[in-house]
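Trainee: Quick one: the structure is below, questions incoming.
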Amino acid sequence: MARFIRFRQAERTAYGRLEGDTVHVLRGGLFDGREESGETLPLSDLTLLAPCQPTKVLCVGFNYRDHAEEFNTPIPEQPNIFMKPLTALTGPETPVYFPKALANQVDYEAELVAVIGKRARHVSEEDALDYVLGYTIGNDVTARDLQDPTKQWTVCKGFDTFAPIGPWIETDIDPKSGLDISCWVNGQRRQHSSTKHLIFDVPFLVSYLSQAMTLEPGDIIFTGTPSGIGPVNPGDGMEIRIQGIGSLFNPVKAE
């Protein structure tokens with residue numbers, strides 16, 4: 001198993017392989033040979049960033065049966081795909097800003113995120129996992145009151161900071177085995193499920209999306225959220241936990 005991070009140290013931004021509390025710094029990027037430089041750093045000296053820099057943030061709606069039922073929505077026969085702008089991306093421990101000028105309700109959504117490892121186009125379902133580097137944790141933050149009246153998702157899910165991911169990428173876990181996924185707000189559990197309940201699993205999603213668009217290294221797929229979504233307010237703390245990866249924490253602040 002390998003755990004990869006992207007970090008900032010003073011004026012430098014780099015990738016590294018995390019082993020315990022020690023970071024083995026990569027000489028270049030995460031997707032171009034992945035050569036270690038020999039330099040090591042203590043994790044405590046670094047600021048963790050979003051663990052990759054995608055060209056696309058792809059997301060799947062209603063991909064857990066209980067979440068579709070929560071919205072009185074028919075179980076989808078094809079994936080419900082939407083995208084977030086790159087400006088929505090942020091990392092662990094960084095604030096998610098509540099856009100009070102436009103929104104009155106902001107919700108958390110705990111999600112497993114697949115990270116593409118190499119260029120994928122017209123990939124078969126059988127080969128799809130060969131194109132996945134690993135997995136991280138995501139929070140598909142949503143301005144719910146802007147979603148319900150319009151049924152359009154670009155603005156309600158696309159505000160700056162509405163796509164936190166992190167804290168790292170795990171390369172050797174299997175969502176089909178059933179990874180525990182939960183969301184905690186101010187220490188109270190609000191969501192709890194297992195990735196075995198995904199309607200469309202990661203191989204299907206990678207294959208499906210690659211038929212429509214080229215998936216580039218670093219692109220990410222938010223795979224959907226289980227039931228139990230709900231609102232947060234400035235001053236709250238959101239923590240998403242996924243078995244085998246860890247936890248992603250983001251405070252909510254007024255914009």
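Every number here is computed from the coordinates shown, using simple stated rules; none is lab data. No experiment lies behind these values; they were computed from the predicted model shown. Don't worry about glycine lacking a Cβ; one is built from the backbone with ideal geometry, like all the others, and counts go over all protein chains shown.
Trainee: With +1 on each Lys and Arg Cβ and -1 on each Asp and Glu Cβ, how big is the dipole of the range 97-186 about its Cα centre, in debye rounded to the nearest 20? Can you show the working numbers first?
Mentor: Values: 8 positive and 15 negative charges, 91 e Å.
Roughly 440 debye, rounded to the nearest 20.
Trainee: While we're looking at this one, here's another question. Quick one: putting +1 on the C-beta of Lys and Arg, -1 on the C-beta of Asp and Glu, what dipole do you get for the range 57-254 around its Cα centre, in Debye to the nearest 20? Working shown, then result.
Mentor: Values: 15 positive and 25 negative charges, 90 e Å.
Here the range 57-254 has a charge dipole of around 440 debye.
Trainee: Testing the spin-label approximation: label points 7 Å from Cα along Cα→Cβ at D32 and S124. State their distance in nm.
Mentor: Those two pseudo-labels are separated by 3.2 nm.
Trainee: Rounded to the nearest 0.05, what FRET efficiency do N72 and E255 give with R0 = 35 Å and r taken as the Cβ-Cβ distance? Could you check?
Mentor: Numbers: r = 31 Å, r/R0 = 0.89.
After rounding to 0.05, the efficiency reads 0.65.
Trainee: To the nearest whole percent, what portion of all C-alpha pairs in the chain is separated by more than 21 angstrom?
Mentor: Details: 18158 of 32385 pairs.
Tail fraction, whole percent: 56.
Trainee: Mind giving me the nanometre distance, one decimal, between the label points for T40 and E19, set 7 Å out from Cα along Cα→Cβ?
Mentor: If labels sit at T40 and E19, their model points lie 0.7 nm apart.
Trainee: Turning to a different aspect of this structure: For the modelled label position 7 Å from the Cα of S227 along Cα-to-Cβ, which residues of the range 165-191 have backbone nitrogen atoms closer than 15 Å?
Mentor: Zone members listed by number: 190-191.
Trainee: Tell me the net charge near V252. Cut-off is 12 Å between Cβ atoms, V252 excluded, with +1 for each Lys or Arg and -1 for each Asp or Glu. Intermediate results must be reported in sequence, preceding the final value.
Mentor: Values: positive: K100, K253; negative: D107, D236, E239, E255.
Within the 12 Å Cβ shell, the charges total -2.
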